[in-house]
Amino acid sequence: MRLLRWLASLDRRIIYALVLIVTIIPLIWKSSPPIEISPEVQAAYNSIDKVPGGGIVMFSIDYDGASEAELGPMLLAMLRHCFSRNIRVIMTAQWPLGLPLGQLALDSAAAEYHKVYGQDYVNLGYRPGQNALMVGLGKSGFREYFLRDYRGVMIDSFPFMRTVHNYGQIDRLVGLEAGSSGDLWVQYAGAQFGLRIILGVAGVMATSMYPYLDAKQIDGLVGGLRGAAEYETLIKHPHRGVWGMNSQSYVHVLIVILVILGNLTFYFERRAKKRGPGARGQGSREPQPRNAGAPEGAVVPKAQPQKPS
C-alpha cells in the first residue's frame with residue numbers, strides 16, 4: 001500500500017521526465033528493429049522501382065512543418081530510391097511552406113548520390129491555383145506556369161527539362177500530403193490525364209486514401225511514420241522513420257505501464273475509502289439506539305443518572 005500511496009502522489013514532472021528519457025534513448029541508440037512491410041508500401045516501392053533509369057518522377061510537397069516529422073522521412077527515402085536508380089526528379093509544391101522543407105531533403109539526397117542540379121533534378125517552386133494548375137499542366141503544359149525554377153533560372157536552360165512538356169513525360173507523381181491536395185491530384189491529374197500517382201500521407205489521413213488504392217487510382221500508399229519506416233527498410237537505409245518508430249514503440253509501452261499502475265492505484269484507494277478510516281474488528285458492535293427493540297410509538301424513559309453512594 002505504501003507503494004500505491006507513493007504512486008498516487010507522484011509528481012507529474014517525473015512522468016514527463018520518464019517520457020523524455022524513453023523518447024531520447026532510442027534516438028541516440030539508433031537501433032533497427034524488424035519491421036513488417038505492408039502491401040500498400042510495397043506497392044509504392046514497386047511502382048518507383050519499375051521506372052527506368054533516366055525516367056522522371058515528379059514530387060509535390062503539400063505539407064508544412066507540422067507534418068514534417070512524418071512526411072519528411074518518407075520524402076527522403078523516396079528521393080534516395082530515385083537517385084539510386086538514376087531517376088531524374090522534378091519538385092514542386094502546392095503548399096508554399098513545404099517548398100523549403102522539400103529543398104532540404106532534395107539537397108541532402110542529391111549530395112549522397114552526387115547528383116547535379118539541372119541535370120538530375122530541378123525544383124520548380126510554388127505556384128498558386130492548385131486544381132487549375134493541375135489541369136493546366138496536363139493541357140497547356142509546364143511552360144504556361146513554370147518558365148523559371150524556384151531560383152529564377154529559365155527551365156529551358158536545363159537539358160532534361162527541354163523534353164518535358166506535360167504529364168506525358170512524367171513517369172510517376174509522388175504527392176506528400178497533409179491536406180486535400182492528394183485528392184485533387186487523383187481527381188484532376190490522375191483521372192483526366194492518366195498520370196500514375198503514389199501518395200504519402202500523414203497517419204491520420206491514411207484511412208481516407210484506401211478507396212483510391214482499392215480502386216487502383218493510385219499505385220501505392222505510404223502512411224505516417226510507420227510507412228516511412230517500412231520504405232526505409234525496403235531501400236535498406238534505416239533513418240529517421242525507423243528510429244522514430246523505435247522510440248515511439250518504447251513510449252507506448254511506458255504509457256501502457258503507467259495506465260495500468262494508475263488504475264491499480266485508483267482501485268485500491270477506492271477500496272480503502274469504502275472500508276472507512278476507523279474500521280473496527282470483527283468482535284466490536286455498533287452502538288444501538290436508545291429505543292431499539294421497543295414497540296412503535298412507545299415512550300422510552302430517559303436513563304436516570306446514578307447518585308454516588
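Any read-out appearing in this document is the output of simple, stated calculations on the displayed coordinates, not a laboratory observation. The shown structure was predicted, so the numbers you read here are calculated from the model rather than taken from an experiment. Ideal geometry is used to build each Cβ from the backbone, glycine not excepted, and the neighbour counts take in all protein chains shown.
By other beta-carbon atoms within 10 Å, ranking Asp64, Asp107 with the fewest at the front produces Asp107, Asp64. Counting Lys and Arg as +1 and Asp and Glu as -1 over every other residue whose Cβ lies under 11 Å from the Cβ of Phe83, the net charge comes to +2.
Report, in whole Å, the centroid distance computed from the Cα atoms of the stretch 5-33 and the stretch 220-241. One Cα centre to the other: 25 Å. Long hydrophobic helices in the chain: the complete DSSP H runs spanning 24 Å or more by Cα along their own axis with mean Kyte-Doolittle hydropathy of at least -1.0 are 12-29, 240-275. Antiparallel DSSP bridges in the stretch 37-237: what percent, to the nearest 5? If I count the DSSP bridges inside the stretch 37-237, around 5 percent turn out antiparallel.
Normalized C-alpha radius of gyration of the chain, against 2.2 N^0.38 Å? Can you show the working numbers first?
Values: Rg = 32.8 Å, N = 309, 2.2 N^0.38 = 19.4 Å.
In units of the globular-protein estimate, the chain measures up at 1.69.
Of Lys30/Lys50; Lys115/Lys236; Lys115/Lys216; Lys50/Lys115, which pairs sit farther than 27 Å apart, going by alpha carbon to alpha carbon?
Numbers: Lys30/Lys50 31 Å; Lys115/Lys236 20 Å; Lys115/Lys216 33 Å; Lys50/Lys115 20 Å.
Violating the 27 Å Cα-Cα cut-off are Lys30/Lys50; Lys115/Lys216.
Phi angles across the stretch 159-168 convert, under the Karplus curve 6.51 cos²θ - 1.76 cosθ + 1.60 with θ = phi - 60°, into 3J(HN,Hα) values of x, 6, 6, 5, 9, 9, 10, 8, 5, x Hz, Gly and Pro given as x. Computed extension length for His165-Thr23: 46.4 nm, one decimal, from 0.36 nm per residue of separation with the Cα-Cα distance subtracted.
Peptides 219-228, 22-31, ordered by how many other C-beta atoms sit within 10 Å of their residues on average, highest first, read 219-228, 22-31. Label-to-label distance for Lys30 and Ala272 is 4.8 nm, based on points extended 7 Å past Cα in the beta-carbon direction. Each helix, a run of at least 4 DSSP H residues, gives -39500 (n - 2.57); summed and divided by the residues of the chain, these come to -14000 deg cm²/dmol at 222 nm.
Label-to-label distance, Val259 versus Ala43, with points set 7 angstrom from Cα along the beta-carbon direction: 3.1 nm. Based on C-alpha pairs under 8 angstrom that are at least 6 apart in sequence, the chain has a relative contact order of 24 percent. Binning all Cα-Cα separations of the stretch 202-253 at 10 Å, short to long from zero, yields these whole-percent fractions: 25, 42, 29, 5.
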